Protein chains: 2
Amino acid sequence: MCELLGMSANVPTDIRFSFAGLKQRGGKTGPHKDGWGITFYEDKGCRTFKDPKPSFDSKIADLIESYPIKSHFVVAHVRQANRGHVCLQNTHPFTLPLWGRNWTFAHNGQLTGYEQLDCGLWQPIGETDSERAFCWLINQMQHQFPQGTSDNIELFNFIHDACNKLTALGVFNMLLSDGNMLIAYSSKKLHWITRKAPFSTAQLLDEDVAVNFSEETTPSDIVTIIATEPLTSEPNWIKFNPNEMLVFTDGQIIAQYN
Amino acid sequence: MCELLGMSANVPTDIRFSFAGLKQRGGKTGPHKDGWGITFYEDKGCRTFKDPKPSFDSKIADLIESYPIKSHFVVAHVRQANRGHVCLQNTHPFTLPLWGRNWTFAHNGQLTGYEQLDCGLWQPIGETDSERAFCWLINQMQHQFPQGTSDNIELFNFIHDACNKLTALGVFNMLLSDGNMLIAYSSKKLHWITRKAPFSTAQLLDEDVAVNFSEETTPSDIVTIIATEPLTSEPNWIKFNPNEMLVFTDGQIIAQYN
């Protein structure tokens, strides 16, 4: 399986603290040693750092841990391969263009029968069930809304239905962003936490690192972190319900589907 | 304007020496201070490192200069903005998926009337003439060959004609790769050099760095470097003819169009 990490924040925010925890799970405190990647959105642009090496032992991951890149939305992943061998084209996150936006996707879980998913123009480049599911989803979205849609509720309903269809093929926990919102869907296992004033101190579970967020933030900051398993010892991590989809903007929930 | 750097090699090759020269032109020895990016192909996968900061002063560029990533194909770019402001979504190279391949593009030059180019499904995300020209090119390729084509000559002819059409809009020097080949087109200014046995020493023009390639290679290595302006003092850089297109695989020319 794999682990996911996502962030939505109302100010450009540095994810190094959370990434430091995820990075350890990529081959040291967790078995997810088959590559990792992280995508940062800055306005409509995004950039992805990825490596088929284990994150705990990756020079590129060391840079991400040491060099602050501030972002409103982040999607990250550490991989434990089940479908597809260990190589760059099978490393998440994946990004596809649609409606003049970059859509970025990462998946935790395992699907069966995914070879039948019709991807249309969006042919996968690697061999994973994850990338094929993403290509299928983008193809579905493009066919349903050829010019895009300004009706977010209609779009969210459509994506939730599509995620439920993928869940029928197995385990499907997903992060999806276009730089305007972060969509998180869980068929089985995903957690989230929102940090806002009054801020307190958080201690990573995977490394002896703590941060006093009151020293790192302003009182108006709102930051939500989504992760497969809680990354800190804070008690207020919330588990997603089965098949629940939450949509975040500016660190806050703007839509919720069960 | 901007500067381009490309590589095709018959063995996975480290481009740090050439990149060290380009990096200096990104704000220090050259005026191309408005962002930079580099894409490495590894099999069908690729990864892009990009930064809207000047390359000579970028922590991410420092990593690329210090950490060897070996690749068969590289496309890199340093930007001097003319169309579109300085930001991530306007930073080259750009990558789009077509026919189950990642196509990566970087452009040097300036186009007029580019706003009219029909991009179909491939709507640009940023504001540059470059990205729009790339989206138009991919849209043209998709319409001409909906399922792709195994006839490379037909494909190369089509791309050469499309590049000539873009040249009618201004200056269009381009690098394009799908991980199988590197296509280089020059309307005005582009140079290339092939290094093979017997190897000699090369001295960068932009930094006091020299490499004795005979110590870094095996006798069967063949590496072609393409750059807007020669990066070294070697005498055997060759200038492209106007509207010439060269296609490289394994460091060697496989097709040539004038």
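The values are calculated or read from the model by the stated rules, or taken from the named source; none is laboratory data. Here the structure is a predicted model, which is why all the values come from computation and not from measurement. Quick reminder, even Gly has a Cβ in these numbers, built from the backbone with ideal geometry, and neighbours come from all protein chains shown.
Things to note:
- Qualifying residue in the stretch B:154-171 (condition: touching a residue at least 60 places away in the same chain (Cβ under 8 Å) and assigned to a loop (DSSP other than H, G, I, E, B)): yes
- From B:Gln110, B:Gln116, residue being surrounded by fewer than 24 Cβ atoms within 10 Å (Cβ to Cβ) and within 19 Å of the chain's Cα centre (by Cα): B:Gln110
- Long-range neighbours under 9 Å by Cβ, at least six apart or interchain, first residue closer than 8 Å to A:Ala9 by Cα within the stretch A:246-258, second surrounded by fewer than 14 Cβ atoms within 10 Å (Cβ to Cβ) and polar (S, T, N, Q): A:Thr249/A:Asn180
- Residue that is modelled with the lowest pLDDT [pool: residues in the stretch A:71-86 that are under 19 Å from A:Lys23 (Cβ atoms) and within 12 Å of chain B (Cβ to nearest Cβ)]: A:Val86
- When A:Lys59 is tested against (1) closer than 18 Å to B:Phe49 by Cβ; (2) in contact with a Cys (Cβ under 8 Å, 6 or more places away or on another chain), exactly one condition is not met: (2).
- Positions within the stretch A:87-104 being part of a loop (DSSP other than H, G, I, E, B) and within 11 Å of chain B (Cβ to nearest Cβ), in sequence order: A:Cys87, A:Thr91, A:Trp99, A:Gly100
- Test: residue in the stretch A:216-235 that is among the acidic types (Asp, Glu), at pLDDT below 95 and out of contact with any strand residue (DSSP E or B) (no Cβ under 9 Å at 6 or more places or on another chain): no
- Taking first residues from the stretch B:72-100 that are without any contact (Cβ under 8 Å) to a residue 12 or more places away in the chain and farther than 25 Å from B:Leu231 by Cα and partners that are in a strand (DSSP E or B) and aliphatic (A, V, I, L, M), the Cβ contacts under 9 Å between residues at least 6 apart in sequence or on separate chains come to B:Pro97/A:Leu96.
- Taking the stretch A:172-184 as the range and being surrounded by 14 or more Cβ atoms within 10 Å (Cβ to Cβ) and in a loop (DSSP other than H, G, I, E, B) as the test, the residues that pass are A:Asp178, A:Gly179, A:Met181.
- All conditions in (1) over 18 Å from A:Leu63 (Cβ atoms); (2) surrounded by fewer than 20 Cβ atoms within 10 Å (Cβ to Cβ); (3) touching a helix residue (DSSP H, G or I) at 6+ places or on another chain (Cβ under 7 Å) hold for B:Ala20, with the sole exception of (1).
- Complete set of residues in the stretch A:132-161 that are under 19 Å from A:Ser186 (Cα atoms) and at the interface with chain B (Cβ under 10 Å from one of its Cβ atoms): A:Cys135, A:Ile138
- Under the condition of being part of a loop (DSSP other than H, G, I, E, B) and modelled with pLDDT of 95 or more, the residues counted in the stretch B:237-258 number 7.
- From the options A:Ala227, A:Ala184, A:Ala162, residue that is under 18 Å from A:Cys2 (Cα atoms) and out of contact with any Ser or Thr (no Cβ under 8 Å at 6 or more places or on another chain): A:Ala184
- Per-region count, the stretch A:185-199, residues assigned to a loop (DSSP other than H, G, I, E, B) and either of a type outside the set (Ser, Thr, Tyr) or surrounded by fewer than 18 Cβ atoms within 10 Å (Cβ to Cβ) (or both): 6
- Within the stretch A:7-53, the set of residues being in a strand (DSSP E or B), more than 26 Å from A:Ile253 (Cβ to Cβ), within 14 Å of chain B (Cβ to nearest Cβ) and not charged (D, E, K, R) comprises A:Trp36, A:Phe49.
- Sole residue being free of Cβ contacts under 8 Å to residues at least 12 places away in the same chain and of a type in the set (S, T, N, Q), chosen from B:Ser214, B:Ser150: B:Ser150
- Extreme residue, nearest to the chain's Cα centre (by Cα), among residues of the stretch A:86-107 that are of a type in the set (A, V, I, L, M, F, W, C) and within 15 Å of A:Trp136 (Cβ to Cβ): A:Phe105
- Residue within the stretch B:61-70 that is crowded, with 24+ Cβ neighbours inside 10 Å and not in a helix (DSSP H, G or I) present: no
- Of the residues making up the stretch A:115-128, just one is away from chain B (no Cβ under 11 Å) and either in contact with a Gly (Cβ under 8 Å, 6 or more places away or on another chain) or in a strand (DSSP E or B) (or both), namely A:Thr128.
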